[in-house]
Every structure is written in structure tokens, then in C-alpha cells.
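These notes concern the structure reproduced below.
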């Protein structure tokens, strides 16, 4: 059984969830059945005499494993992957002396059959100038963490759309544009949230609005946002409001009360307290100071 490795993580979707993905127009052509991560998986061994009902992606990041497929024995080494075809008998196991660390996925859908063609043998992950092998691990992590935060329909849609990106980086690696510099998937999401904040700085948005925008659960979004920006989401949004207030104070003749309402504060006194705490002086003093300079 694929169990018992220190630091392992894995997730199998139940039949009801799989059926939802199978019937969803967003994901029916490519979706996850199971996924996991096994570090230094000593004595890892799987034998499927009748094959598997899914295509099985194995991505080795360290160590060595062995794949037996079509009567051949092949080594899967660091920065190599293989996609085991659906319904074909196979066996795989970790090397005794240098056991592999692997990310793995069981995937279904018509696109899985198409994308897997030609990758039923160990294939090296070639790093381009702008996309390193570690980026694939980041995408695996993004998918796993999204599903681990909650098996909601929105989370599953997001994870399976990420899966399409991940499969493209494996199977269409040679067409990655040279002038494109992908970041960790979550970094891109946070970047778009910050852009969304800037575009809606005059609205009275909440944490729920931001999580709905990006599709993350509140707890996962909060951790990711703090990790990428060093600041809590609502505190960051409030800073943007104060920056905009400073702009209005310097460049318009609007009163502080008008600015407060303009920036979505229902209570001008609340705005006054927040502004003073952030800037170190009242809005009136700030404006006077700027005009005197």
C-alpha cells in the first residue's frame, strides 16, 4: 500500500466528487482522481497486474525508482517523469539504496489520453531559462493545498484547471516562451488579488470578497497573502485606502469626511482614527503640512 512514509501526503477523492468533476463542463476532459507526495519512500512497492483505471503521473525529484512496463524495467531518476497508461499492467518500486522522492497523480479525462501519448517512458524535465523543475513541485503543492483546504466545487474546479497547466509544463515543455517568467502559481494569484484591491480601493470590501475573487478558503488565502506580502490582507487593503486618502488630501480640496465616504468608510470617525494611526497625524494636519512644504 502507498502508506507509511515519513512526511507523506496524499488525497483520494470519493466517487461522488469524482462524478461531479466528470460531469462538469469545466473539468470533464481532465481531472484528478488522487494525488500525493512520498519523500524518501523506502520500500515503496506497487504491483497492478491489470493496470489502473486512470493514467498515473510519477514525477521523481530525488533518488531512484524502478518502473516495469511492457515487460521492460526502466529507472526513474531525479527530474524525470513518466505517465503510466490506463489499463496496462505495471509494477513500480523505490530503489533499495537510494529510494525515490515522488509526486504522483491519478488523472482521468479525454485530455489525459492525449497528453500522455509518448510519455510512457522516463522523460527528463528540461529546465528552460525561465521555468525550472522546481516550478512543477510548486504547482503540485498548489493543487494539493487547494484541495486539502476543502473539497468544495470551487476548490476542485481551481485545482483541476491548475492540473491542465501542470500537465502542459510536462508534456508541452518545449514550447514554453523564452520571455515568460512564471512564478509560483500562488504568487500569481496574490498578484491578481493586489491588483483587484487597487482597482476597488474605494469600495468597502471584506476578506470574503477577496477569497471569493481568487477561489481560496479564508484560512489558506490569509496564509498565502501574508507569506507573499508580509502583511495581513485587510491591513494591506487599508494601507491602500490610506495611500489614496493622502492623494486626495494633496491633490483635491475634498474634506476629510468626503474622502472617508469616497473610500468606503461608513463612519468618518473610524476613518480619522485609522488615518492618524497609519500616518502619525490627523488628515487635517497632513494636508496642512503638505501645503506648507
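Some notes on this structure:
- Annotation note: of 140, 131, the sole residue that is touching a strand residue (DSSP E or B) at 6+ places or on another chain (Cβ under 6 Å) and at pLDDT below 95 is 140.
- Per the conditions (1) within 16 Å of residue 202 (Cα to Cα); (2) free of Cβ contacts under 8 Å to residues at least 60 places away in the same chain; (3) surrounded by 15 or more Cβ atoms within 10 Å (Cβ to Cβ), the sole criterion not satisfied by residue 262 is (2).
- Qualifying position, being within 25 Å of residue 218 (Cβ to Cβ), assigned to a helix (DSSP H, G or I) and in the same structural domain as residue 193 (by TED's automatic domain parsing), among 237, 247: 237
- Index of the failed condition, residue 273 passing every other in (1) under 39 Å from the mean Cα position of the chain (by Cα); (2) assigned to a helix (DSSP H, G or I); (3) surrounded by 14 or more Cβ atoms within 10 Å (Cβ to Cβ): (3)
- Meets criteria (touching a residue at least 60 places away in the same chain (Cβ under 8 Å), out of contact with any strand residue (DSSP E or B) (no Cβ under 8 Å at 6 or more places or on another chain), surrounded by 13 or more Cβ atoms within 10 Å (Cβ to Cβ) and in a helix (DSSP H, G or I)) for residue 216: no
One line per residue, one yes/no per condition, for (1) on the phi < 0 side of the Ramachandran plot; (2) loosely packed, with under 15 Cβ neighbours inside 10 Å:
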| site | (1), (2) |
| --- | --- |
| 13 | yes, no |
| 16 | yes, yes |
| 21 | yes, no |
| 28 | yes, no |
| 43 | no, yes |
| 59 | yes, no |
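- One residue stands out in segment 151-180 among those that are closer than 23 Å to residue 115 by Cα and loosely packed, with under 12 Cβ neighbours inside 10 Å: the one that is modelled with the highest pLDDT, namely 172.
The values are calculated or read from the model by the stated rules, or taken from the named source; none is laboratory data. Model, not experiment: these values are computed from the prediction. Positions of Cβ are backbone-derived with ideal geometry, glycine not excepted, and every protein chain shown enters the neighbour counts.
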